[in-house]
Structures are given as C-alpha cells and as structure tokens.
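Visitor: Questions regarding the structure given below will be posed in turn.
The values are calculated or read from the model by the stated rules, or taken from the named source; none is laboratory data. Source: prediction; values computed, not measured. Backbone-built Cβ (ideal geometry, glycine too); neighbour counts: all protein chains shown.
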Amino acid sequence: MVSGIRFSYIMRAASRPGPEEPALTPPSGPTPLGYPAVKLVLLFLCALALTSCSRRTSGPAISPSGLYSVETDVPGESAGPTRRFCLRLKIHDIPSQKTFLFQTGASDTQKWAIGWSPNNVLILYSSDIGIYAYETRDGFIMERPATEDEKEIGRAVYEKKFRKQPRA
C-alpha cells in the first residue's frame, strides 16, 4: 500500500510543472549516503572491531612427560602499561596442582608459537623478541636464551603453526 504522501510526491514528479508549481530540482548541497552504503560502512566497522580486539590464546599443551601443561593469555591492564599486550604463560604443574605465571616480553600483536622440548623445557618463538626457553625449578619459572637445539624446536613449532619458515 502506498501512503498518501509518497503517492502525491510521485504524481507531482511525474507531471509537468505548471505555472503555479515549481519544477523539482535535485538538492544543491552534498547528497547524503544512501542506506546500503551506511550498512556497508557499519558492517566494515563491526568486523574491524571484532578482529582487532580479539586475543589469541592457546589451549593447554601438555609436556612430553605429562608433568606440565601450558596455556597463554594476554593480561591486559593488570600487567601495566608496557606489558598489557604481551603474552603471559600459565604453566600448570599437574602432580602438585600448582600454577605458575610468567609475563613475557613477547607482543601478542606479533607472531609467536610455543612448544615443548623433550626434556620439559618450554620454548617460545616470538617474531619480536626471539627464541626463549622456560624451565620450572623449585616452584619458579626461569627464563633463559634458548640453546641451538631449542632454537630448532622453536623454528619447527613456528613453521607448524604458520605453515611457513620464520625469518632468519
């Protein structure tokens, strides 16, 4: 059903202007965006917000001996202004049911991958800080530079995750 206002507008536009009726002219200023364009812009902004605000977290990865599992997260504001977007390791000691937290310097906005060495050392390959090894000793997590063998494990984990070789 056509409303009376639309019908009269269509009828005026279809008829020829008479002496008492001015001709319909397009507006002289910038024309507003049409409804489909606004929908497209809003859809793009929503998709951008959803993808840029998501954080990559990993599910638990069990060590080769089964003694440890590791998860990662990004702590946000609780880590302070310089580390709020950096990766945090949560290493869970399965036999004792203790969880150890370690805040790394690896940015979540860069590419990173984690994996275990055969002797229960966690290896982190990060495209911004390099390759580091994490050992649990006496209830603490010890960060150290990775050995050459551990670097190979880190590169293999990176290649498996991203399906490409890391830059040298």
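Visitor: Read through the list (1) touching a Ser or Thr at 6+ places or on another chain (Cβ under 7 Å); (2) surrounded by fewer than 18 Cβ atoms within 10 Å (Cβ to Cβ); (3) assigned to a strand (DSSP E or B), then give the number of the only condition that Glu135 fails.
Guide: Failed condition: (1).
Visitor: Please go through segment 113-132 and pick out each residue that is over 22 Å from the mean Cα position of the chain (by Cα), within 13 Å of Ile91 (Cα to Cα) and either assigned to a strand (DSSP E or B) or free of Cβ contacts under 8 Å to residues at least 40 places away in the same chain (or both).
Guide: Correct list: Trp116, Val121, Leu122.
Visitor: Quick test of your reading of the structure: Glu150 fulfils all but one of (1) of a type outside the set (A, V, I, L, M, F, W, C); (2) in a strand (DSSP E or B); (3) surrounded by 17 or more Cβ atoms within 10 Å (Cβ to Cβ); (4) at pLDDT 95 or above. Name the failing condition by number.
Guide: (2)
Visitor: Given (1) of a type outside the set (Phe, Trp, Tyr); (2) in contact (Cβ under 8 Å) with a residue 12 or more places away in the chain; (3) not in a strand (DSSP E or B), where does Gly105 come up short, assuming only one miss?
Guide: The number of the failed condition is (3).
Visitor: Given (1) surrounded by fewer than 21 Cβ atoms within 10 Å (Cβ to Cβ); (2) modelled with pLDDT under 95; (3) of a type in the set (Gly, Ala, Ser), where does Ala106 come up short, assuming only one miss?
Guide: In the conditions (1) surrounded by fewer than 21 Cβ atoms within 10 Å (Cβ to Cβ); (2) modelled with pLDDT under 95; (3) of a type in the set (Gly, Ala, Ser), Ala106 misses (1) alone.
Visitor: Kindly indicate whether Leu87 is hydrophobic (A, V, I, L, M, F, W, C), surrounded by 14 or more Cβ atoms within 10 Å (Cβ to Cβ), modelled with pLDDT under 95 and under 18 Å from Tyr158 (Cα atoms).
Guide: The answer is yes for Leu87.
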